[in-house]
Amino acid sequence: MNDVRASVTWRRIALWILPALLLAAACRDGSTAPEEHGEPAELELVDLETGALLATFHEELWDGELPTLTVGGGLEVEGVFYDGAGGEIPLEDGFSFNATIATGSQTNVVELGSHGDHMDIEAVGAGTTMIIFQLFHGGHSDWDTLPISLTVAAGG
């Protein structure tokens, strides 16, 4: 009977230790995928030309704004993602910075182009639209911001 109890105890211990060892090994491989190290909690939008911080999305709110563009102009925006502990989430291993026009917003105001770590925003028509920025992986968005407004003025 003692042999049966000891066998059952060791099996229980093994069932607890094995997943812990697998998790520790996954975190040691250098991967920083959000699934392994926490969900994104913040996004900073940085103007690539000037290095200026344009806006920050955190706690479901935007702080800052995108500048008004002129038709024919554009903006290159870098996206820097942070997890809840403040650690930067690198855009590698299939993760990229992306954006889309919010449902119901004007679609003929800007054209968006993703380059992995930054977005090109081309002003193609006067008006105001709403943009949702995303952490993209495997052909879909893993995390979305709320929409932020962008206005394009007519050229003159």
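Just so it is clear, none of the values below were taken in a lab; they were calculated from the coordinates. Computed from a prediction, not measured in an experiment: that's the story for all the values here. Because the Cβ atoms are built from the backbone with ideal geometry, glycine has one as well, and the counts that use them run over all protein chains shown.
State the dimensionless ratio Rg/Rh of region 38-153 (Rg: radius of gyration of Cα atoms; Rh: Kirkwood radius). Mind dumping the intermediate values first?
Values: Rg = 13.4 Å, Rh = 14.2 Å.
In region 38-153, Rg relative to Rh is 0.95.
Amide H contacts for E39 (H built 1.01 Å from N in the peptide plane; partners 5 or more residues away or on another chain; cut-off under 5 Å): G84.
Working ranking of peptides 89-97, 52-60 by packing, defined as the average number of other Cβ atoms within 10 Å per residue, highest first, is 89-97, 52-60.
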